[in-house]
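Chemist: One structure coming up, written as structure tokens, with questions to follow.
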4 protein chains.
Amino acid sequence: MVSDTTFDPHGVVPPLVTPLDEHGEVDRRSLERLLAFQLDAGVDGVFVGGSSGEIALLDTEQRRAVLEVTVGTVAGAVPVLAGAVDTGTRRVVEHARQAAALGADAVVVTAPFYVEPHPAEVVTHFRRVHAAVDVPVVAYDIPSAVRTRLTPDIVTELAESKAIVALKDSSGDLATFREVLRRTDLPALTGSEVLADTAMSLGAAGLVPGLGNVDPHGYVRLYRAARDGDFAAAKAEQDRLAALFRITTVADLRRIGFTAGALGSFKAALAWRGVIDHPATNAPLHPLDDAELSVIETILTEAGLGRVRDH
Amino acid sequence: MVSDTTFDPHGVVPPLVTPLDEHGEVDRRSLERLLAFQLDAGVDGVFVGGSSGEIALLDTEQRRAVLEVTVGTVAGAVPVLAGAVDTGTRRVVEHARQAAALGADAVVVTAPFYVEPHPAEVVTHFRRVHAAVDVPVVAYDIPSAVRTRLTPDIVTELAESKAIVALKDSSGDLATFREVLRRTDLPALTGSEVLADTAMSLGAAGLVPGLGNVDPHGYVRLYRAARDGDFAAAKAEQDRLAALFRITTVADLRRIGFTAGALGSFKAALAWRGVIDHPATNAPLHPLDDAELSVIETILTEAGLGRVRDH
Amino acid sequence: MVSDTTFDPHGVVPPLVTPLDEHGEVDRRSLERLLAFQLDAGVDGVFVGGSSGEIALLDTEQRRAVLEVTVGTVAGAVPVLAGAVDTGTRRVVEHARQAAALGADAVVVTAPFYVEPHPAEVVTHFRRVHAAVDVPVVAYDIPSAVRTRLTPDIVTELAESKAIVALKDSSGDLATFREVLRRTDLPALTGSEVLADTAMSLGAAGLVPGLGNVDPHGYVRLYRAARDGDFAAAKAEQDRLAALFRITTVADLRRIGFTAGALGSFKAALAWRGVIDHPATNAPLHPLDDAELSVIETILTEAGLGRVRDH
Amino acid sequence: MVSDTTFDPHGVVPPLVTPLDEHGEVDRRSLERLLAFQLDAGVDGVFVGGSSGEIALLDTEQRRAVLEVTVGTVAGAVPVLAGAVDTGTRRVVEHARQAAALGADAVVVTAPFYVEPHPAEVVTHFRRVHAAVDVPVVAYDIPSAVRTRLTPDIVTELAESKAIVALKDSSGDLATFREVLRRTDLPALTGSEVLADTAMSLGAAGLVPGLGNVDPHGYVRLYRAARDGDFAAAKAEQDRLAALFRITTVADLRRIGFTAGALGSFKAALAWRGVIDHPATNAPLHPLDDAELSVIETILTEAGLGRVRDH
């Protein structure tokens, strides 16, 4: 068990995609290569089973396979964070215990969803999960997926009671991110791909960018520059990465959904770079089409990215 | 296996609450009594693991216990529908297979959530679930929980391809309910507590009212009157039930959430009537307070309901 | 001044479109023909300056012209309702006084918008408007445009204090419509094009269907059949009108907005029928294209509608 | 006429509240004092008729009075921006022409609302307004009020065609604010009270903080520090102002609306400081109560603010 008081997430912790094979099962070889690619780039942790990891679409066996491969491949080199994302407290506890048993160093938990909770019930949710599991809990603010905000009041109360050890903020709302930093000493990581340097300048402990799947070297450079106070260099890297981030909006939303377009673009880019073998996403997401893939390749090339392994 | 072509849900099919004991586990004795109470009232089916059943808050063991008790107690007297409610296709398939293995006659499935699907991906979701399980699939339109609508176009396409055998409509939108009835011959059940007679007049096959937990006799009378064309009698019953439905809005939403207030009121009413032993809901929902319980008792009494068993 | 206590809106009261000429000004001749067409069909009132009348897009001179022509043409044959739609109380009072001065028999008022009011402030809004103007106030529940609901609690309080004389319900929510009918004796008119007969069966006083611009004869037949208890005839008419209502969804929403498509289809249909000369809508709405117009013509023909005047 | 090409808003441009007297009319003396207070603090412009100015609640005479007093009092010392906020193009043009006639140097215009426009129609809206008026147009992105976003694509297209001369961003979304700064050379002003220094570090041309009504000296110091590259000083000022900003959330939202609480707190603070005579807001907003006013006074005192004039 990792003690709550010593777990201190920081740096670049990419929310990894879940590579699939031609049968729709977890592609263990591709996941191993993705992990090696990330570690080689110098990431400070990995986060599996997040939104970018299609957590909402993975079944029990897929979640287990992802964690087994990840824990085994990482082998303690960096912390492994695992999403324990589900609608209610007892469901989350089940996921969290499973993740802990498989070797995760921390679990990442959202507000309840499907139901409509009161803020006091959101606090209860995190307290109960914390009390029931032996690994630290990272709070995950992602209103676009779960609708309910983790407000600064909620986060502050959870931080003070030690129910959570960190915040992953995917709200897009820097004002509340900053308020949390003002009111607590909780490590706060931003999920923003395009305001990473800004979040660092406000005191972020680290970055959890989905685009980090595709270009971990870029985010590691950005993080280290910002950490060392060189915000001009961080900004230059950020501008390049913001241009690269356009791959997530290439998909025609008249044909496939937003999630399919964004997560599909990460996988398509990784396949094109040779890191993973197949760009497939889980059902019911539909794939990108050839024209879209071609635009993504152009954006990758313009951002200076190339193949890291022959196909 | 129940053949898709012969499963024809109709009549009153209450979405049952999940009684809990003082330890938060499924209270099997109370569930048995609830089932007997419903069957005695003349319901035409039961639906477990729906929104009223706190499906979003039940863990694996609780879901299993609910289905075991239900299938065993009902013993074939009426069909047992089971919610297979989760965020993505493979997760839903897991739930649906488990429900089928435990004896459910059909599974009830929502649009994907947490993710943002395209309508075409919603269609894919239902097709895949249908192809993967051996029980009929009922589509569950509940945008308040999952945000995505099952539009008449989606429902029509799924009905024509036989991927679904019925619709449970909890959208509150009678215009689209009616359009589905115009465009398909799919059995459509309404989840509305207060427009049940109206839905019947538009051609609904049946009723799935959460309030049916508390007063199944009322909804059975309403259904039978409407089915037999006596809409004046149905309306009189509906008006009484609409007044009773106020129990769901007694809770102070400054203190607990909407879900806690609504589902808590069903359980509080059933406990007061002596059907179940404890009004407890799953974490993280907070309980109603004494003042609220007192108002609920007054409403129950005004609606002509009393204790069915001594405490 | 029309006394509050005697104004009793009922029957078919179409929310008229605002015909424009080739310069974008109110086309008085076309409006006169539209009014004659409606009166000839037997409508029980007309509503100008509603959502279908592009009230949000009309300037002061256009609003004045519409009311002048309408009051002059109708000449007391039926009541003239005028929208006094604006963001705040004093703005609404200005519109309402202007409408009263121009001869409107009642004004139709929404909840405040742009701002975020508390329900108690919504009540204050209507009370203040009522106190400041000499014509009766009809409450207009249209959350799709203003976001704030006129809940049954709000409507009941306003009805009891005589601040409003009627409700026009464009919420799409028959459950709350019915609750208002249960709790008050306020005349309630539905804005639904496709649940008109249902609303009548629940006790609606009348209909305010945008589609009534195109086919007033149909809605007059529907209303009279329902009023006289012949719901089978009302339903047959409703089914035909529901098919006709598809004209509002012909527009490609990748190209123009929802409002442009819906209001544009009413005007296109009226132009095709020969009632108005031009289908133009106000800026910034974009026009339907030829392919869309062609589909609309097909739908009109299928619904049995033809030209009422040579082009 | 101010030529589009020379109008270049920058610096601190507070969106002024509209002081009212005991009869609810514009309190010209208080407004003069507010303007003097702002000019004395060193603001670079003033913005009347914005959201903070209760534009949605002002009638024609109030809008006229505000502009007359403002243009007269400012007397060319700094530019006067005037909101031309309304639902549709022609309505906005009316307001804009009136503002120009009264001496405004620029008008501030939102996306259309009440209607649901397509992005292409939003572009048309601004182009038409620009073509119809003789003063420069500033685009105002405020989705919380109008729902429709001014996306970077829209803003870029309008900037390139010279239809707008600046952006006022009240979206709370720094990612898109930054994208606009990357893609255009349009002056962009942030409406954020709590990320003003951050916006400056990203390249903002200036600040339009509602809280600037209460503490213009603070925002002037913040702006000048950031402009001169002293971000540590800017941050210290920002932290103080963020604490002060809590006055906007003191109101009990169970009793009055969000708008009433926020705008009411600005006016209460200005009245307490002795700048304006009455804290009254326009109907239908309800006032703060004594307990809330007391909390606001404590926050003001803690932020180092005092009376600037004896009561």
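The values are calculated or read from the model by the stated rules, or taken from the named source; none is laboratory data. This is a predicted model, so every value here is computed, not measured. Every residue, glycine as well, gets a Cβ built from its backbone with ideal geometry; the counts of neighbours run over all protein chains shown. Calculation scope for accessible area: heavy atoms of the full protein, side chains included, ligands and nucleic acids excluded. Shrake-Rupley method; radii C 1.70, N 1.55, O 1.52, S 1.80 Å.
Chemist: At the nearest 100 Å², what buried accessible area, both sides summed, do you get for D and C when the probe is 1.4 Å?
Modeler: Numbers: alone 13260 and 13260 Å², together 22370 Å².
So the total buried area for this chain pair works out to about 4200 Å².
Chemist: From Cα pairs below 8 angstrom and at least 6 apart in sequence, can you work out the relative contact order of region B:47-101, rounded to a whole percent?
Modeler: On the way: 40 pairs, mean separation 22.4, N = 55.
With pairs under 8 Å counted, the relative contact order is 41 percent.
Chemist: Let me ask something additional. Applying a 10 Å radius around every beta-carbon, put A:69-79, D:119-129 in order of their mean neighbour count, most first.
Modeler: On the way: A:69-79: 17.5, D:119-129: 21.5.
The most tightly packed comes first, giving D:119-129, A:69-79.
Chemist: Once ligands and nucleic acids are excluded and a 1.4 Å probe is used, how much of D:LYS235 is accessible, expressed in Å² to the nearest 10?
Modeler: 80 Å²
Chemist: From other protein chains only, count the Cβ atoms within 10 Å of every residue's Cβ in C:53-64, then give the mean. List each step's numbers first, then the result.
Modeler: On the way: counts 0, 4, 5, 10, 11, 4, 9, 4, 2, 2, 1, 0.
Partner-chain Cβ atoms within 10 Å, mean over residues of C:53-64: 4.
Chemist: Could you state how much accessible area A:GLU157 has, in square angstrom rounded to the nearest 10, with a 1.4 Å probe and all protein chains kept in place?
Modeler: Rounded to the nearest 10, the figure is 80 Å².
Chemist: Could you state the number of Å between the C-alpha centres of region A:242-310 and region D:219-268?
Modeler: First find each Cα centre; the distance between them is then 41 Å.
Chemist: Whose amide H sits under 5 Å from the amide H of B:ALA166, counting only residues 5 or more places off or on another chain, with H placed in the peptide plane?
Modeler: For B:ALA166, the qualifying residues are B:ALA139.
Chemist: What lysines could a cross-link reach from D:LYS267, if we take a straight Cα to Cα line under 23 Å and drop same-chain neighbours fewer than 8 places away?
Modeler: Answer for D:LYS267, where 23 Å is the Cα cut-off: D:LYS168, listed by chain and number.
Chemist: In the neighborhood of A:ILE256, defined by Cβ-to-Cβ distances under 11 Å, what is the net charge if each Lys or Arg adds +1 and each Asp or Glu adds -1? Can you show the working numbers first?
Modeler: Details: positive: A:ARG254, A:ARG255; negative: A:ASP252, A:ASP289, A:GLU292, B:GLU116, B:GLU121.
Computed value for this residue: -3.
Chemist: Sticking with this structure for a sec: To the nearest 10 Å², what's B:LEU293's accessible area with a 1.4 Å probe?
Modeler: 50 Å²
Chemist: Each residue of region A:56-63 in order: what ³J(HN,Hα) in whole Hz does its phi give by Karplus 6.51 cos²θ - 1.76 cosθ + 1.60, θ = phi - 60°, with x for Gly and Pro?
Modeler: Karplus values, whole Hz, x for Gly and Pro: 5, 10, 8, 8, 4, 5, 5, 4.
Chemist: Express the carbon and sulfur contribution to the solvent-accessible surface of region C:63-175 as a percent, rounded to the nearest whole number, probe 1.4 angstrom.
Modeler: Details: 1670 of 3380 Å².
Carbon and sulfur: 49 percent of the exposed surface of region C:63-175.
Chemist: Nearest 5 is fine: what % of DSSP beta bridges in the protein assembly as shown come out antiparallel, could you say? Could the numbers behind the result be given before it?
Modeler: Numbers: 4 of 92 bridges.
Taking every DSSP beta bridge within the protein assembly as shown, about 5 percent pair in antiparallel fashion.
Chemist: So how strong a dipole does region C:1-146 carry about its Cα centre when Lys and Arg Cβ are +1 and Asp and Glu Cβ are -1, to the nearest 20 debye? Can you show the working numbers first?
Modeler: Values: 10 positive and 20 negative charges, 62 e Å.
Its charge dipole is roughly 300 debye.
Chemist: Could you tell me the center-to-center distance, by alpha carbons, between region A:30-86 and region B:70-148 in angstrom?
Modeler: Centre-to-centre distance over Cα atoms comes out at 28 Å.
Chemist: Which Rg and Dmax, in Å, describe the Cα atoms of region D:159-259?
Modeler: Considering region D:159-259 through its Cα atoms, Rg and Dmax are 14.7, 46 Å.
Chemist: From the Cα trace of chain D, what convex hull volume per residue do you get, rounded to a whole Å³? Kindly include the intermediate steps, with their values, before the conclusion.
Modeler: Working: hull volume 37.3 nm³, N = 311.
Per residue, the Cα convex hull of chain D comes to 120 Å³.
Chemist: Along its principal axes, what span do the Cα atoms of region B:101-209 show, with the longest given first and each in whole Å?
Modeler: Principal-axis extents of region B:101-209 (Cα, largest first): 35, 32, 24 Å.
Chemist: Keeping all protein chains in place, calculate the accessible area per residue for region D:1-78 (probe 1.4 angstrom), answer in Å². Don't jump to the answer; show the numbers that get you there.
Modeler: On the way: 2780 Å² over 78 residues.
Roughly 36 Å² per residue, with all protein chains present.
Chemist: Nearest 500 deg cm²/dmol is fine: what mean residue ellipticity at 222 nm does chain D get from its DSSP H runs of n ≥ 4 alone, each adding -39,500 (n - 2.57), divided by its residue count?
Modeler: The helix contribution divided over chain D gives -14000 deg cm²/dmol.
Chemist: Continuing with the same structure: Express in % the proportion of alpha carbon pairs of region D:20-96 at distances exceeding 19 Å.
Modeler: Numbers: 1006 of 2926 pairs.
Value for region D:20-96: 34 percent of Cα pairs lie more than 19 Å apart.
Chemist: While we're on this one: Charges on Cβ only, +1 for Lys and Arg, -1 for Asp and Glu, centred on the Cα centroid of chain C; of C:VAL308, C:TRP272, C:THR156, which one is farthest towards the dipole's positive end?
Modeler: Of the options given, the answer is C:THR156.
Chemist: Separate question: On a straight-distance basis, which aspartates and glutamates could pair with C:LYS235 in a cross-link, Cα separation under 15 angstrom, same-chain partners fewer than 8 positions away excluded?
Modeler: B:GLU179, C:GLU193, C:ASP197
Chemist: So, counting K/R as plus one and D/E as minus one, what does the shell of residues with Cβ under 13 Å around C:ALA75 add up to?
Modeler: Details: positive: none; negative: C:GLU32, C:GLU68, C:ASP105.
That works out to -3.
Chemist: Can you list the residues in region C:87-104 whose accessible area drops by at least 10 Å² when all protein chains are present, compared with the chain alone? Use a 1.4 Å probe, heavy atoms only.
Modeler: C:THR87, C:GLY88, C:THR89, C:ARG90, C:ARG91, C:GLU94
Chemist: List the distances, in nm to one decimal, from the label point of B:VAL295 to the label points of the same position in every other copy, shortest first, placing each label point 7 Å from Cα along the Cα-to-Cβ direction.
Modeler: Nearest to farthest, the other copies are at 2.3, 4.8, 5.2 nm.
Chemist: Which one of C:LEU57, C:LEU20, C:LEU253 has the biggest mean-square fluctuation once chain C is modelled by GNM with Cα springs under 10 Å?
Modeler: Judging by the Gaussian network model, the answer is C:LEU253.
Chemist: For peptide C:280-287, what's the mean number of Cβ atoms from other chains within 10 Å of each residue's Cβ?
Modeler: Per-residue shielding by partner chains comes out at 6.
Chemist: For region D:96-237, what is the charge dipole size about the Cα centre, in debye to the nearest 20, if Lys and Arg each add +1 at the Cβ and Asp and Glu each add -1 at the Cβ?
Modeler: Dipole about the Cα centre, nearest 20: 160 debye.
Chemist: A further question on this structure: Please name the residues of region C:231-264 whose accessible area, counted over protein heavy atoms with a 1.4 angstrom probe, falls by no less than 40 Å² between the chain alone and the full protein assembly.
Modeler: C:ARG254, C:THR259
Chemist: Just to be sure I understand the interface: list residues from region D:139-157 that lose 20 Å² or more of accessible area between the chain on its own and the complete protein assembly, 1.4 Å probe.
Modeler: SASA drop of 20 Å² or more in region D:139-157: D:SER144, D:ALA145, D:ARG147.
Chemist: Which value, in debye to the nearest 20, describes the size of the charge dipole of the protein assembly as shown about its Cα centre when Lys and Arg Cβ atoms bear +1, Asp and Glu Cβ atoms bear -1, and nothing else is charged?
Modeler: On the way: 116 positive and 168 negative charges, 0 e Å.
I would put it at about 0 debye.
Chemist: Suppose you put the label 7 Å out from Cα in the Cβ direction; list, shortest first and in nm with one decimal, how far B:THR249 is from each other copy's label.
Modeler: Counterpart label points of B:THR249 in the remaining copies fall at 2.9, 2.9, 4.1 nm.
Chemist: Please list 3J(HN,Hα) in residue order for region A:71-86, calculated via the Karplus relation 6.51 cos²θ - 1.76 cosθ + 1.60 where θ = phi - 60°; whole Hz, with x for glycine and proline.
Modeler: Coupling constants for region A:71-86: 4, x, 6, 5, 6, x, 4, 9, x, 10, 9, 10, x, 10, 9, 7 Hz.
Chemist: Treating the angle as unsigned and between 0 and 90°, give the value, to the nearest 10°, between the Cα long axis of helix B:290-302 and the longest Cα principal axis of chain B.
Modeler: The answer is roughly 80 degrees.
Chemist: A:GLY24 label points, 7 Å along Cα→Cβ, one per copy: pairwise distances from this copy to the rest in nm, shortest first?
Modeler: Copy-to-copy label distances for A:GLY24: 3.4, 5.4, 6.3 nm.
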